Amino acid sequence: MARPAKGAGRLTRLALLTAIALTIFLAEAQLPVIPIPGVKLGLANIVTVYAMFALGPGDALLVLSARVFLGAVFSGQPMTLIYSAAGGLLSWCVLCLLGRLLTDRQIWLASPVAAVFHNLGQLLAAAAVMRTWAVMAYLPYLIIAAVLAGLFTGVAAQALLKRLERIQK
């Protein structure tokens, strides 16, 4: 993982990444619902995974937190804040661990694992809000969706990292 930049350059990069992630999140919210309720591609996570491997865990958490909060505000659905924050924080923790174990060429492996934990975090939040463990029956379907979507976002994040490194040189 790279050392984070300092000063105005860092702030600008974080603001741009947050704006990109938020735009992707809001655009994806306009897409038709996949036949399984609650399943999304999670395209905004491309930015989070990129930030983790390019900027480090602290900056990735800042981008993730800002996107989750602003996404809930702009979508007009404050309850999504609870679910997105729970899933996002759990997947961020997993990405922190995997960021120490994997190289930049193995991002495609980190993303599906993080996506599974994102869905697990959302289901745990739902179980707490609804006060029932019955929602956990949905986990097998979400694991399949998470692995497939996570592979896509992981490959995309890895390609983005490689492309931006080439541009910076």
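The values are calculated or read from the model by the stated rules, or taken from the named source; none is laboratory data. The structure displayed is predicted, hence computed values, not measured ones. All Cβ positions, glycine included, derive from the backbone under ideal geometry; neighbour counts span all protein chains shown. Each accessible area value is taken on the protein alone, full model and side chains, heavy atoms only, with ligands, DNA and RNA left out. Shrake-Rupley method; radii C 1.70, N 1.55, O 1.52, S 1.80 Å.
Against the main long axis of the alpha-carbon atoms of the chain, helix 107-130 sits at an angle near 40°. Expressed as a whole percent, the accessible surface of the chain that belongs to carbon and sulfur atoms is 71, based on a 1.4 Å probe.
Accessible surface ranking for Tyr50, Tyr138, 1.4 angstrom probe, highest first: Tyr138, Tyr50.
Remark: relative contact order (segment 1-150) = 22 percent; criterion is Cα-Cα distance under 8 angstrom and separation of 6 or more residues. Rounded to the nearest 10 square angstrom, Met130 shows an accessible area of 110 square angstrom against a 1.4 Å probe.
Relative to one another, the C-alpha centroids of segment 40-95 and segment 102-169 are positioned 11 Å apart. Helices in the chain, meaning DSSP H runs of at least 4 residues, each add -39500 (n - 2.57). Divided by all residues, the mean residue ellipticity at 222 nm is -26500 deg cm²/dmol.
Remark: the chain carries a charge dipole of roughly 500 debye about the Cα centre, counting +1 on each Lys and Arg Cβ and -1 on each Asp and Glu Cβ. Here the contact order of segment 61-157, divided by its residue count and restricted to Cα pairs under 8 Å and six or more residues apart, works out to 30 percent. Can you give the angle from 0 to 90° between the axis of helix 79-101 and the longest principal axis of the chain, with both taken from C-alpha atoms, to the nearest 10? Here the helix axis deviates by roughly 50 degrees. Couplings for segment 55-62, taken from phi via the Karplus curve 6.51 cos²θ - 1.76 cosθ + 1.60 with θ = phi - 60°, read 10, x, x, x, 5, 4, 5, 4 Hz in order; Gly and Pro are left as x.
Ranking Trp133, Trp108, Trp92 by solvent-accessible area of protein heavy atoms (1.4 Å probe, all protein chains present), from largest to smallest, gives Trp133, Trp108, Trp92. Residue order by solvent-accessible surface for Arg166, Arg10, Arg67, Arg131 is Arg131, Arg166, Arg10, Arg67, largest first, with ligands and nucleic acids left out and a 1.4 Å probe. Please say if segment 53-100 is rounded, prolate or oblate, where rounded means a/c under 1.5 for a ≥ b ≥ c the square roots of the C-alpha gyration tensor eigenvalues, and otherwise the choice is prolate for a/b larger than b/c and oblate otherwise? Oblate shape, in that a/c is at least 1.5 and b/c is the bigger or equal ratio.
Relative to the longest principal axis of the Cα atoms of the chain, the long axis of helix 45-54 lies at roughly 40 degrees. With protein chains left intact and a 1.4 Å probe, residues in the chain average 57 Å² of accessible area per residue.
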